[in-house]
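Here is the structure we will look at, set down as structure tokens.
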Amino acid sequence: MECDIKGIRKLVKRIRDGKPPAVAGDKFEDVYRDPALPGFGIRVLHTGAASWFVHYKRLGRQGKVTLGDVRVLDREQAVEAARDVMSWRRSSFASSIRRPPSARPCGPPR
């Protein structure tokens, strides 16, 4: 579900007040997307637990990283953590492909 920043702040306040939104029907979770970053948002489980997450995709592979509980981590901290995760994924992925010859392990040729 797409939300604006005001809607996300209201959702965070409801969760911190102990009144998380009910998950509809027989679903396990509801996802509320934050417009700050693509793939970033809040996941609310049917148990009432809520956490910040970020989805990423690199070369056809997808991943999801849980950043922390909504009751503990505020939105600004979660956005910063999501940016760190995305930059780390980009840099670690790039470094694993384009490794300079001097960084390759020494040993006999195969």
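Summing Cβ point charges (Lys, Arg +1; Asp, Glu -1) relative to the Cα centre of the range 5-96 gives a dipole of roughly 220 debye. With θ taken as phi - 60° and the Karplus curve 6.51 cos²θ - 1.76 cosθ + 1.60 applied, the whole-hertz 3J(HN,Hα) list for the range 12-25 is 4, 4, 4, 5, 5, 7, x, 10, x, x, 6, 7, 6, x Hz, x standing for glycine and proline. Summing +1 for each Lys or Arg and -1 for each Asp or Glu, what net charge is found among the other residues whose Cβ lies under 13 Å from the Cβ of LYS19? My count for the surroundings of LYS19 gives +4. Ranked by the mean number of other Cβ atoms within 10 Å of their residues, highest first, the peptides 23-35, 74-86 come out as 74-86, 23-35.
Values in this text are rule-based calculations from the coordinates and carry no lab data. Keep in mind that this is a model prediction, so the values were computed, not measured. Neighbour counts are summed over all protein chains in view; Cβ atoms, including those assigned to glycine, are modelled from backbone coordinates with ideal geometry.
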